[in-house]
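Okay, structure first, notes after.
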Amino acid sequence: MSSPVLIAPSILAADFARLADEIAAVERAGADLLHVDVMDGHFVPNLTIGPPVVESIKKVAKIPLDVHLMITNADAFIPEYAAAGANYITVHVEACPHLHRTIQSIKEHGAKAGVTLNPATPISLLQDIIGDVDLVLIMSVNPGFGGQKFIPSVLKKVAGMRDMLDRAQSRALLEVDGGVKVDNAAQILAAGANVLVAGSAVFSSQDYAGTIAALRAAGQPAATVASHAASHR
Ligand code: DX5
Ligand code: ZN
């Protein structure tokens, strides 16, 4: 099944003192979604972005907000993140004992529902709720920090998840997050993902548009990539 490749820069790697400019820059550069990493210091060992910041981001962002909740008590915060303007709210299976209820709550609050798995969590945990979700996120690092190294064994999970989604005739997005770079994007897309989160790959590059285009082009057949590269010489 071929579907367009979407690129979601993670603002965790942006310059927070210039966040509106950074958001405008990745939008001009062709970003499809803005990935917002919310960390609580409990579920993961880092603290980041609360609902008021998301509300401010929403005022300047033109593309949808893809909010990744790495927090212990997601149920308590879904209403606030939805009200702040999150288009997608993604929760960790490991932190949500009543996952079906949590997914319904995200939808009732007007957002699209995403679920995510840490690298050590099996995809089988999603089998019974696959028909209810709009997005599945496979973590390819242990969440908590940007700039970590991609865990290659996760590619098998991406392929397994693609198979599970296709069998269920689900059109949910299949996103991969953590250590995604231009040089591993082709393998991730070939395994069946259609959304790439990229933090340091985009924001540490000198050319946001070139990096986003290269990530997207990694999903095209080799001949098309070669001609795309030639047209930029
Ligand atoms: C990790 C976050 C990621 C991270 C990605 O906990 O969920 O979204 O910001 O950053 P890079 O692309 O630098 O690995
Ligand atoms: Zn993330």
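Taken over the range 1-25, the residue count meeting the criterion of being of a type in the set (A, V, I, L, M), within 13 Å of ligand 1 (Cβ to nearest atom) and either crowded, with 24+ Cβ neighbours inside 10 Å or not in a loop (DSSP other than H, G, I, E, B) (or both) is 5. Being open to solvent by 40 Å² or more (accessible area, probe 1.4 Å), touching a His at 6+ places or on another chain (Cβ under 8 Å) and modelled with pLDDT of 95 or more: is that true of T48 here? Criteria not met by T48. Within the bounds of the range 67-80, is there any residue that is of a type outside the set (S, T, Y), within 25 Å of F203 (Cα to Cα) and touching a Lys or Arg at 6+ places or on another chain (Cβ under 9 Å)? No, the range 67-80 has no match at all.
Each residue in the range 101-135 was checked for being farther than 22 Å from A83 by Cα and surrounded by 15 or more Cβ atoms within 10 Å (Cβ to Cβ), and 8 pass. The condition of being open to solvent by 20 Å² or more (accessible area, probe 1.4 Å), at pLDDT 95 or above and of a type in the set (S, T, Y) holds for only one of S227, S205, S170, that being S205.
Here the strands (runs of 3 or more DSSP E) wholly within the range 80-181 that include at least 2 residues being more than 16 Å from ligand 1 (Cβ to nearest atom) and without any contact (Cβ under 8 Å) to a residue 60 or more places away in the chain are 112-117.
Note on the range 157-192: residues that are closer than 11 Å to P119 by Cβ and charged (D, E, K, R) total 2. Would you confirm whether or not the range 70-77 contains a residue that is in contact with a Ser or Thr (Cβ under 9 Å, 6 or more places away or on another chain) and in a loop (DSSP other than H, G, I, E, B)? No: zero hits. Here K181 fulfils each of the conditions (1) under 15 Å from the mean Cα position of the chain (by Cα); (2) open to solvent by less than 50 Å² (accessible area, probe 1.4 Å) apart from (2).
Would you please name the residue that is least open to solvent (accessible area, probe 1.4 Å), looking only at residues in the range 145-154 that are of a type outside the set (A, V, I, L, M) and more than 10 Å from ligand 2 (Cβ to nearest atom)? Looking at residues that are of a type outside the set (A, V, I, L, M) and more than 10 Å from ligand 2 (Cβ to nearest atom), I get F150.
Do we find a residue being touching a Gly at 6+ places or on another chain (Cβ under 8 Å) and surrounded by 16 or more Cβ atoms within 10 Å (Cβ to Cβ) anywhere in the range 73-86? Yes, some residue in the range 73-86 is touching a Gly at 6+ places or on another chain (Cβ under 8 Å) and surrounded by 16 or more Cβ atoms within 10 Å (Cβ to Cβ).
The values are calculated or read from the model by the stated rules, or taken from the named source; none is laboratory data. What you are looking at is a predicted structure, and each value in this text was computed from that prediction instead of being measured. Cβ atoms come from the backbone with ideal geometry, glycine included; neighbour counts cover every protein chain shown. These accessible areas exclude ligands, DNA and RNA; they are computed on the full protein's heavy atoms, side chains included. Shrake-Rupley method; radii C 1.70, N 1.55, O 1.52, S 1.80 Å.
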